[in-house]
Amino acid sequence: LKVGDLLRYFGDGWQISKRFDDRHFWRIPTMDGEFLCEATTGLTKSAVGGGNLLICGADYAKTLRAAEAAIEAMNKVRGAIMPFPGGIVRSGSKVGSRYKALHASTNDAFCPTLRGQVATALDDDIGCVLEIVIDGLTEAAVADATRAGLAAIIKLGPRNGARRVTAGNYGGKLGPFHFHLKDLLP
Amino acid sequence: VTLVLTLSATPTQRLDLSPLVPHLLKDKSEKDIAAIDLATTREKVSVGDLFKIRAGSPEEIRVEGGSERFDNVGAGLESGRIVVMGDTGTNVGRKMSGGELVISGNVGPYAGSCLAGGRLEIDGDAGDFLAAPREGEIHGMSGGLLVLRGTAGARAGDKLRRGTILIEGDAGDWLGSRVMAGTLIVLGLAGENPGYLMRRGTIALAHPPELAPTFVDCGAYSSAFAAVFGRFLRPQSRDAGRLFKAPLRRFAGDMAVLGKGEIFVPE
């Protein structure tokens with residue numbers, strides 16, 4: 001998959017190509033110094049994407065604390081990544097939208113401010129939900145990362161962290177893999 | 001087993017050793033190899049006249065004993081490995097495109113000339129025009145890795161286009177002249193005017209001389225590239241790895257031409 005080969009044009013002529021060790025890199029000057037990227041990136045279609053955890057807490061600070069604790073533990077699992085910046089997603093989505101052009105839209109059932117207007121999934125004591133998305137090379141890697149995340153959240157406890165943890169399975173519409181949190185409890 | 005050629009007589013003329021590469025010796029018997037002519041004058045000199053041959057697979061060739069008169073050693077090497085225990089003359093590893101060539105002694109000028117791939121290691125010193133193109137050729141080295149443990153003469157890395165040259169010792173004047181791309185590292189002292197007329201490419205100098213005024217200061221440099229490249233160099237040379245680990249300063253030039261080259265020096 002060409003990544004650096006296309007990103008290099010951002011360098012506007014100041015990009016520098018470097019080949020060594022049978023690898024090809026592009027160096028692109030950026031405002032913070034320099035961006036380094038390989039010309040091509042491996043691509044696998046057998047990986048598992050879109051595993052997730054929905055972390056429900058009383059308020060933003062506590063939920064974030066739980067999410068960050070989970071990410072720290074999950075980063076140690078090999079073969080799995082949490083692809084979003086910092087690993088944490090605030091704008092979790094559902095499949096589909098009322099607008100034709102959109103394939104995904106805000107996950108209204110988990111929006112605390114909509115709990116009176118929609119069929120909410122939230123209990124009264126939940127004020128904030130953050131999501132962690134997990135992509136892995138194998139089903140086992142995603143399961144391991146999920147297990148590690150759950151363990152970290154549970155260790156933090158409900159008073160300072162999350163009160164509930166769930167996951168979106170989107171009615172099974174997202175793909176063939178299903179991770180049941182109850183099976184992954186530490 | 002390795003094919004071993006042991007030098008048994010002093011060469012009486014300059015010799016062309018370019019036939020002694022694995023892909024040209026593949027289907028030859030010991031007798032065929034002994035008959036190969038290495039002479040560069042009207043006086044015939046065959047491999048058998050000069051060397052004692054111990055038969056083996058030509059995928060790895062070991063030459064025991066060297067001479068400043070051995071030219072074109074490993075020239076055009078495509079695969080396999082050649083080790084020379086001794087000195088060699090000009091054009092060592094010229095236009096080699098793969099495999100590995102190791103010279104334990106000193107080499108003459110134009111070592112690694114137009115190197116295109118593979119790895120060339122020279123444990124001794126090299127003459128002028130390391131990795132440079134020969135007369136009339138447009139490009140110099142275009143790939144591969146050249147490691148020189150000793151010192152280099154003038155104009156090392158002339159017209160370098162791709163690949164990496166690592167010089168552990170000192171380098172002469174006009175180091176990296178007319179470089180078009182690629183990377184050149186000198187851990188010892190570098191002579192006058194490094195990077196003269198370089199267009200693009202990277203030169204890293206552990207002990208730089210005063211740079212020409214056509215190189216402009218770009219300030220401190222810190223990037224993932226230095227770390228990644230340093231990790232690549234470390235197995236070849238610990239000191240090279242160290243150079244890229246320490247803080248660097250970047251100079252761009254040569255502004256007399258395109259000016260997109262760079263010289264890294266320790267901060």
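For segment A:37-83, enumerate the residues that are over 15 Å from the mean Cα position of the chain (by Cα) and among the acidic types (Asp, Glu). Those that are over 15 Å from the mean Cα position of the chain (by Cα) and among the acidic types (Asp, Glu): A:Glu38, A:Asp59. Quick one: count up the residues across segment B:109-126 that are surrounded by 21 or more Cβ atoms within 10 Å (Cβ to Cβ) and under 16 Å from B:Trp174 (Cα atoms). Selection size over segment B:109-126: 2. Looking only at segment B:187-211, residues that are within 14 Å of another protein chain (Cβ to nearest Cβ) and closer than 20 Å to B:Asp128 by Cβ come to 3 in all.
Of the residues screened, A:Thr40 is one that is farther than 26 Å from A:Gly149 by Cα and surrounded by fewer than 16 Cβ atoms within 10 Å (Cβ to Cβ).
Among residues of segment B:212-227 being buried (at least 18 other Cβ atoms within 10 Å of the Cβ) and at the interface with chain A (Cβ under 10 Å from one of its Cβ atoms), the one that is modelled with the lowest pLDDT is B:Ser223. Considering segment B:1-51, the qualifying helices (runs of 4 or more DSSP H), each wholly inside and each with 3 or more residues that are within 27 Å of the chain's Cα centre (by Cα), run over B:22-25. Identification of strands (runs of 3 or more DSSP E) wholly contained in segment A:77-158 with 1 or more residues that are in contact (Cβ under 8 Å) with a residue 24 or more places away in the chain and touching a helix residue (DSSP H, G or I) at 6+ places or on another chain (Cβ under 7 Å) yields A:93-95, A:128-136.
The values are calculated or read from the model by the stated rules, or taken from the named source; none is laboratory data. Quick caveat: nothing in here was measured; it's all calculated off a predicted structure. When we count neighbours, we look across all protein chains shown, and the Cβ atoms used for this are built from the backbone with ideal geometry, even at glycine.
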